[in-house]
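Report on the structure given below.
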Amino acid sequence: LSLGHTLKAQGFVQAEYKDSKGTQLRYAILKPAKIKPSTKYPLVVSLHGIGGRGSQKWEDNCAPNKVLSQPAMRQKYPCYIIAPTVDPNQRWDGAPLAALIQLIKSSLKKHPIDPARIYVTGQSMGGFGTYSAILAEPHLFAAAVPVCGRGQTDQAKKIVHLPIWIFHGEKDSLIPPRHSLEMVAALKKAGGKPIYTEYAGVGHGSWA
């Protein structure tokens, strides 16, 4: 088994956020193990796939949470991680996405987060959500890592300035890799410089 399957997320605290329109968003947050005075830290926003909807294990919903929360990784890459969770019938769009954007902005006031180092990643439905987030707020994020997702190719010009690293499994039948390849092509055509990694022989679980 790979890292993402064998590890458990550690050190997260569960919380809830209500945005200005009353939308409730549940999330788990991990802080750096040691917060130094006068230091600002990166924020990684980690969006789960369809299997994480309605889950009570909010922090275990997405592979980066498990990997980045390991003690050695926390020491090497100190950062904040926000891992939100949507309800069983929701996706990373509309009201949940708007609440997430407000949560990120409010977290900048609440925690020593570097506004120039906010990153978003997500797998499957969360890969869709990664594109939705950067298209909604193209200048809030420093970079994006969509995994086996699908983007809006007609809006690629909005996000050409962003470093984007796209991942997909070659044998993914649920969300075929052509969706990522089409987004790569659209970004390049618009003047962007995305990186694309495709895993040979790997199906939908490419995040692991």
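Before I look further, what does the range 109-188 give for accessible area per residue, probe 1.4 Å, in whole square angstrom?
On the way: 3440 Å² over 80 residues.
That works out to 43 Å² per residue.
Applying 1/(1 + (r/R0)^6) with R0 = 45 Å to the Cβ-Cβ distance of ALA200 and GLU137 gives a FRET efficiency near 0.85.
Each stretch of four or more DSSP H residues adds -39500 (n - 2.57); spread over every residue of the chain, this sum gives -8000 deg cm²/dmol at 222 nm.
Using 0.36 nm per residue and subtracting the Cα-Cα separation, the extra length available between SER20 and ALA72 on full extension is 14.9 nm. The angle between the Cα long axis of helix 125-136 and the main principal axis of the chain comes to about 80°, on a 0 to 90 degree scale. Could you check the spin-label model distance between ILE101 and ARG117? Points 7 Å from the Cα along Cα→Cβ, value in nm. It works out to 2.5 nm between the two label points.
Note on the chain: with neighbouring protein chains present and a 1.4 Å probe, carbon and sulfur make up 55 percent of its accessible heavy-atom surface.
Extension gain for the segment GLN155 to ALA33, taken as residue separation times 0.36 nm less the Cα-Cα distance, is 40.1 nm to one decimal. Computed over the alpha-carbon pairs of the range 96-152, the distance histogram in 10 Å steps reads 24, 55, 19, 1 percent, short to long. Ordered from longest to shortest, the equivalent ellipsoid semi-axes for the chain are 25, 20, 18 Å, each the square root of 5 times a Cα gyration tensor eigenvalue. Among residues other than GLN155 with Cβ under 15 Å from its Cβ, the summed charge is +1 (Lys and Arg +1, Asp and Glu -1). Remark: the range 180-188, residue by residue, has Karplus-estimated 3J(HN,Hα) of 5, 5, 5, 5, 4, 4, 5, 5, 5 Hz, where x stands for each Gly or Pro and the curve is 6.51 cos²θ - 1.76 cosθ + 1.60 at θ = phi - 60°. Taking 22 Å as R0, compute the FRET efficiency from the Cβ-Cβ separation of LYS171 and GLN56 and round it to 0.05. Between LYS171 and GLN56 the formula returns 0.10.
The angle separating the long axis of helix 94-110 from the principal Cα axis of greatest extent in the chain is about 40 degrees. Taking amide hydrogens as placed 1.01 Å from N in the peptide plane, the amide H of VAL45 sits under 5 Å from those of ILE82, TYR119, VAL120, THR121, each at least 5 positions away in sequence or on another chain. Packing order of peptides 121-131, 58-68, highest average first: 121-131, 58-68 (average count of other Cβ atoms within 10 Å over each peptide's residues).
The values are calculated or read from the model by the stated rules, or taken from the named source; none is laboratory data. All of these numbers come straight from a predicted model, not from anything done at the bench. Glycine also receives a Cβ, built like all others from the backbone with ideal geometry; neighbour counts cover every protein chain displayed. Heads up: the accessible areas ignore ligands, DNA and RNA and are worked out on the full protein's heavy atoms, side chains in. Shrake-Rupley method; radii C 1.70, N 1.55, O 1.52, S 1.80 Å.
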